[in-house]
1. Rounded to the nearest Å, what's the spacing between the alpha carbon centres of the stretch 364-419 and the stretch 426-498? Just the number, please.
2. How would 6, 29 line up by accessible area, probe 1.4 Å, largest first?
3. Is the shape of the stretch 2-143 rounded, prolate or oblate, going by the alpha carbon gyration tensor and its root eigenvalues a ≥ b ≥ c, with a/c under 1.5 for rounded and a/b larger than b/c for prolate?
4. Over the stretch 400-542, with a single point scatterer placed on each C-alpha, what log10 of the ratio I(q)/I(0) does the Debye formula yield at q = 0.10, 0.14, 0.15, 0.19 1/Å?
5. Please work out how much length the chain gains when fully extended from residue 49 to residue 398, using 0.36 nm per residue of separation minus the C-alpha to C-alpha distance, in nm with one decimal.
6. Looking at the square roots a ≥ b ≥ c of the eigenvalues of the Cα gyration tensor of the stretch 379-468, which shape do they give, rounded for a/c under 1.5, prolate if a/b is larger than b/c, or oblate?
7. What number comes out for the charge environment of residue 446, summing +1 per Lys or Arg and -1 per Asp or Glu over other residues with Cβ under 9 Å away?
8. What ratio of Cα Rg to 2.2 N^0.38 Å holds for the stretch 237-295?
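The values are calculated or read from the model by the stated rules, or taken from the named source; none is laboratory data. Please read all numbers here as calculations on a predicted model, not as lab measurements. Cβ placement follows ideal geometry from the backbone for every residue including glycine, while neighbour counts extend to all protein chains displayed. With ligands, DNA and RNA removed, areas are computed over all heavy atoms of the protein, side chains included. Shrake-Rupley method; radii C 1.70, N 1.55, O 1.52, S 1.80 Å.
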Amino acid sequence: MTEPLWTPDPQAVEASNMTKFRRECERRWSVDLPDYDALWHWSVTEVEKFWDTFWDFAGIKAQVKGERVLADGDKMPGAKFFPDAKFNFAENLLSRRDDSDAIVFRSEDKAQKRLTWNQLYDLVSRLRQALAAAGVQQGDRVAGFVPNMPETIAAMLATASLGAVWTSCSPDFGVQGVLDRFGQSEPKVLFTADGYFYNGKTIESLPRVREFLTDLPSVQQVVVLPLIDAEPDCEMVAGAASLADFIADFPAQEIDFPQLPFNIPLYIMYSSGTTGKPKCITHGAGGTLLTQWKEHLLHCDAGPEDRTFYFTTCGWMMWNWLVAGLACGSTLMLYDGSPFAPDGDVLFDFARDEKWTIFGTSAKWIDACAKAGLKPIETHDLSTVRVMCSTGSPLVPESFDYVYRDVKKDLQLSSISGGTDILGCFMLGNPVKPVWRGEIQSPGLGMAVNVFDDNGKPVVGEQGELVCIRPFPSMPLGFWGDDTGERYHAAYFDKYPNVWTHGDFIAQSEHHGFTVYGRSDATLNPGGVRIGTAEIYRQVESFTEILESIVIGQIWDNDTRVVLFVRMQPGHALTEDLIKSIKTRIRTNCTPRHVPAKVIAVADIPRTRSGKITELAVRDVVHGRPVKNAEALANPEALDLYRDLPELQS
């Protein structure tokens, strides 16, 4: 396209936090930074000056900031930001005190709740005292087997306020999936809800909790949060206490926030676990706060007037990201359950009713809305929504078209890309730059993003590995239990020494934006040529007859051939004519090497519990290899559909 899909209003650019921050950098350091690209370049070459300035601009509360901004800055891993600082993560998220909304919650059409800032503070105060009385100290782990509800956020903040470590997964995990995670992190206290709602059904959690606790001896206290019942029956789990009973002896009071080391562990996150037991990725309090606050404040232009939503579960890093919006004084919008229950309008209804300003979701949800024919531009007042964020998988150009045609014409569509590994984004939206069709707007400030070819050389306009060539605050502290650091180093730093290799296959555009082509470990190599899977998905899923697809490389005849599986829309069949049309479109819009050798209809596509399709698991099944951790999948039974297929024997 020769014209962008959206261009920011000049007055909005002038008033944005991004512009104010750019001018503060110019003033403070006597530098000329005429636009965002100049600011980004300065932020990754003058790393210490950038983060030092952002600390002050954001107004981070700390007892001590320290003179040193970055120690061992030439080491990846090994670099440490603000090594002398003392602060409290929770204090920085609870600085607003008034009776306006802090959190607004809906669970399908079954439950609703609001917490003001004062109510949130008081609940954190009571939980903090109760946790301390239960013996939780700095460094102990507290786990959540929890829905995305207000009490979950309060439990996390109470944990963080003590210097303890929070870790969570969503309550749809099976027993083995929970044990694969919490069995490694060994929590002392477990928060669970009595159950949750999904797709109109009520699902109890306590029977599963009772089952996995027998193999989780580290847990000394279970706290049951009320969701499906105002007064849950806790007797099913021995020694469990309801939330009301757990905090009954502790009246709300001012919180005495201990000032803790900047690099103290805050979160243990888990990799998807589809290729083995999940990695326990340990993130520090300071790096998490700096990175996520920067993304909310500057890249989303968020502030106290904003009402910020992201569709997520507590097993996905976007929950941790969403919670950081409290640091900006923004009101959080929480939704738990199916985004299509009772129908596809449920999130648009919530956005209209509560006047969301930042609407975060997944690329798959946007595609599903398009295929369902939803046109909220005609049915819903979304006048307050100014930013729509999308992540989880690449946002195809046709989804950009859908949003601007059928959702809202005047908004900043921010495709963002990062991950659990960094608890933030390498590339994301930008309130001062245009939106171009199919592109992520820009690299994040302070993130020295580059694209490397197989020889470790930077390339522009060509596909290659997403790398970051300088340290950033939200690099993990390491992997829990990886005392030597070998597994951590092997995960990100083996391919290119002293460079973070993320595992995404990307290309940089002429606008300094980016396109993501899929995971580099899932790239296809027919004839030795690397192909990103997202290129094929874009073509295939533009067919209205196809609901979704998954593509793999099958080893065949001393080469790799492309195999495409498609899940059809109800009422449609995969005919020879449709297969021919699919191949023709792929050949025309991509290359002959992209054309699948086989196109096969399947009834289901396996995906992780955060909704990502699992190309590697399907590839293993097709090749007769065991899938190392099917418990990580939301629908592991779908793998059987790909086993010993006669179509793949010739």
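1. The stretch 364-419 and the stretch 426-498 have Cα centres separated by 26 Å.
2. Numbers: 6 30, 29 75 Å².
In descending accessible area the options line up as 29, 6.
3. Working: a/c = 2.32, a/b = 1.32, b/c = 1.75.
Here the stretch 2-143 falls in the oblate category.
4. -0.38, -0.72, -0.82, -1.20
5. Details: separation 349, 0.36 × 349 = 125.64 nm, distance 3.98 nm.
The residue 49-residue 398 span can extend by a further 121.7 nm.
6. Numbers: a/c = 2.49, a/b = 2.01, b/c = 1.24.
Taking the square roots of the gyration eigenvalues as a ≥ b ≥ c, the stretch 379-468 is prolate.
7. On the way: positive: 294, 470; negative: none.
Taking every Cβ under 9 Å from that of residue 446, the sum is +2.
8. Working: Rg = 17.4 Å, N = 59, 2.2 N^0.38 = 10.4 Å.
In units of the globular-protein estimate, the stretch 237-295 measures up at 1.68.
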